[in-house]
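Report on one structure; see the data block that follows.
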Amino acid sequence: MILVIGDYYSGTGPALVTKYYIEYLPKGTDYIRSQGKAARFFELLRKIPKASVLFISGHSRQNILAMKLGKLLNIRSAYLMHGAVEYENNINRVPDLRMAGDERLMMEEADLILAVSRQFEEWLKMQYPEYEEKISHVTNGIDWGVMMENASGDARDPEGVITVGGGLPRKCVINVCKAVERLNASGHDITLTVAGKRGADSEAIDAYPFVRDIGVVSHEELLREYKKNKIFIQNSVFETFGLAPLEALLSYADVLISGKCGALSVIKKTEDTDIINDPQDTDEIVTKLEALLKGENHTRLLVELDRENTSWKKRASELETKLEELRNSPPREKSGRAGR
């Protein structure tokens, strides 16, 4: 039995990924249903001994406990890394030694480390060469039902632009604001909708009069917002995958994303005008935003998406294969350098 351990209920991107895997992994897969810490602890104690392999999505101290308990019972664990907490916290100017230590401990304890894109896998191998032999990846899937749910609706704002990531510096929303300011000064009337939690850049972002900061909203509300805006932009300097560009694209928004986004592993045949090569280059953002305001790219990009091979059903099947290989693999070494 595969036991899934991780947040599936909060509505964040990583929680949605966990939720999809719970839905599409084979019959007999179980997961930790409790949300309170105490209840989760006792559910872990009850269910881990019955598992054949642990699939741990995201990092937390209770997830470390699950890994250690699995190790005592000779049950192997796979750790799905949605992001790089230590690295991202430093970019976001909120270093956290405790979180960084927890992440490194999970990487040490895991028998298999799974990145959410091939690009992220290669980055992890370079950043943490001591774990190279046990790092692999399972690319996030696409919920094609989003397209059906968003195929019709209210009129789209022809100069509406939306981005996610709130005030986190690694999302570089502040540079999008600078670009929009210049475009509006030249005659445009762009409203920039910013979704996501507050961060070090929030105050500066909110100072722009054209910004509509909606903060953290439900997944359903975010999908509605994609339908209202012509362009989705993701200007991140580091993005392991992120479901947002794909969900915006399936909502028939045009997309402009940085070359640092892992979602490019499934968005095929992009052109230079679709990609921000330097998230710090306001001139480039101005030029490419203006081109999309006059044209569109969602039709071309949607045609190139492979529906079958990008589905969550396909991704769950790939994950199941990796977990079965892990379950049947020889015991790992103490150094944490177990084979994949």
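Rounded to the nearest Hz, the phi-derived 3J(HN,Hα) couplings of segment 55-61 under the Karplus curve 6.51 cos²θ - 1.76 cosθ + 1.60 (θ = phi - 60°) are 10, 10, 9, x, 10, 6, 5, where x marks glycine and proline. Helix 37-47 axis versus longest C-alpha principal axis of the chain: approximately 50°, rounded to the nearest ten. Computing Cα extents along the principal axes in Å directly from the structure and comparing it against (1) 74, 41, 34; (2) 60, 39, 34; (3) 66, 40, 35 singles out (3). Note on Leu54, Leu105, Leu124, Leu45: ascending count of other Cβ atoms within 10 Å places them as Leu45, Leu105, Leu124, Leu54, the fewest first. Remark: spin-label model distance Val237-Arg33 equals 4.5 nm, labels positioned 7 Å along the Cα→Cβ axis. With R₀ set to 30 Å, the beta-carbon distance separating Gln62 from Glu203 gives a calculated FRET efficiency near 0.35. Extension gain for Arg46 to Lys178 (0.36 nm times residue separation, less C-alpha to C-alpha distance): 42.2 nm. Only helices enter this figure: runs of n ≥ 4 DSSP H residues, each worth -39500 (n - 2.57), summed and divided by the residues of the chain, yield -12000 deg cm²/dmol at 222 nm to the nearest 500. In the chain, the longest principal axis of the Cα atoms and the axis of helix 312-327 are about 30 degrees apart. Please say if segment 86-173 is rounded, prolate or oblate, where rounded means a/c under 1.5 for a ≥ b ≥ c the square roots of the C-alpha gyration tensor eigenvalues, and otherwise the choice is prolate for a/b larger than b/c and oblate otherwise? Oblate shape, in that a/c is at least 1.5 and b/c is the bigger or equal ratio.
Around the amide H of Ser236, modelled in the peptide plane, lie the amide H atoms of Ser258, all under 5 Å away and 5 or more residues distant in sequence or on another chain.
What the phi angles of segment 243-253 give under the Karplus curve with 6.51, -1.76 and 1.60, with θ = phi - 60°, is a coupling list of 7, 4, x, 6, 5, 5, 4, 6, 8, 6, 8 Hz, glycine and proline written as x.
Projected label points at Asn90 and Thr12, each 7 Å from Cα along the beta carbon direction, are separated by 2.0 nanometres.
Under the rule a/c < 1.5 gives rounded, and otherwise a/b versus b/c splits prolate from oblate, where does segment 145-304 land using the Cα gyration tensor? Taking the square roots of the gyration eigenvalues as a ≥ b ≥ c, segment 145-304 is rounded.
Close amide H contacts of His82 (hydrogens built in the peptide plane, cut-off under 5 Å, sequence separation of 5 or more or a different chain): Gly58.
In whole Å, how far is the Cα centre of segment 169-232 from that of segment 21-48? Spelled out, the Cα-based centre of one part sits 37 Å from the other.
Backbone geometry of segment 267-274 corresponds, through the Karplus equation with coefficients 6.51, -1.76 and 1.60 at θ = phi - 60°, to 3J(HN,Hα) couplings of 8, 9, 6, 6, 10, 4, 5, 8 Hz, x marking Gly and Pro. Going by neighbour counts of Cβ atoms within 10 Å, the residues Tyr21, Tyr87, Tyr9 line up, fewest first, as Tyr9, Tyr87, Tyr21. Each label point was placed 7 Å from the Cα along the Cα-to-Cβ direction; for Glu296 and Arg98 their separation is 4.9 nm.
Amide H contacts of Val255: Phe232, Asn297, His298, each under 5 Å away and 5 or more positions distant or on a separate chain (H built 1.01 Å from N in the peptide plane; Pro and chain starts excluded). For segment 25-129, the alpha carbon convex hull comes to 118 Å³ per residue, rounded to a whole number.
A Cβ-based charge dipole, computed about the Cα centre of segment 162-264 with Lys and Arg at +1 and Asp and Glu at -1, lands at about 140 debye.
Throughout, read-outs are computed from the coordinates displayed, never taken from laboratory work. Since this is a predicted model, take the numbers as computed values, not measurements. Cβ: placed from backbone, ideal geometry, glycine included. Neighbour counts: every protein chain shown.
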